[in-house]
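The values are calculated or read from the model by the stated rules, or taken from the named source; none is laboratory data. The structure presented is a predicted model; accordingly, all values stated were derived computationally and were not measured. Cβ atoms come from the backbone with ideal geometry, glycine included; neighbour counts cover every protein chain shown.
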Amino acid sequence: MLPVLLGFSSVFYRELLQWWADFRAAFSTKPPVSENIIWSITNIKIDNKPIYYPHYVKAGILTSNQLLFNLDNVESYNRAKREGL
């Protein structure tokens, strides 16, 4: 009803909805930032060197969502200590 009232063609709205669907699909296929591999981010550096902690990789910690941010500091420390980090 709105396109008829405003005098716009339905082609305009179909193209607009298709653009929006394509736009959203482009972002929905990318993994969240928390699933990116930490050790492949060369822009994050300490003393001008990319960060890399082999003992974290050996323990299987590859993405930021595995860094236990959901735990408080004490429990995070205890768990890391139990896992040999």
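Here is how the numbers come out for the structure above:
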| read-out | value |
| --- | --- |
| Any pair with Cβ under 6 angstrom, 6 or more apart, that starts in the stretch 14-35 at a residue that is within 20 Å of L62 (Cβ to Cβ) and ends at one that is at pLDDT below 80 | S34/S64; S34/N65 |
| Selection count where residues are in a loop (DSSP other than H, G, I, E, B), in contact (Cβ under 8 Å) with a residue 24 or more places away in the chain and more than 15 Å from E35 (Cα to Cα), scope the stretch 50-85 | 4 |
| Failed item, numbered, when I38 is tested on (1) surrounded by fewer than 10 Cβ atoms within 10 Å (Cβ to Cβ); (2) in contact with a strand residue (DSSP E or B) (Cβ under 9 Å, 6 or more places away or on another chain) | (1) |
| Candidate set: the stretch 32-49, residues that are part of a strand (DSSP E or B) and either among the aliphatic types (A, V, I, L, M) or not assigned by TED's automatic domain parsing to the domain that holds G84 (or both); chosen: the one modelled with the highest pLDDT | I46 |
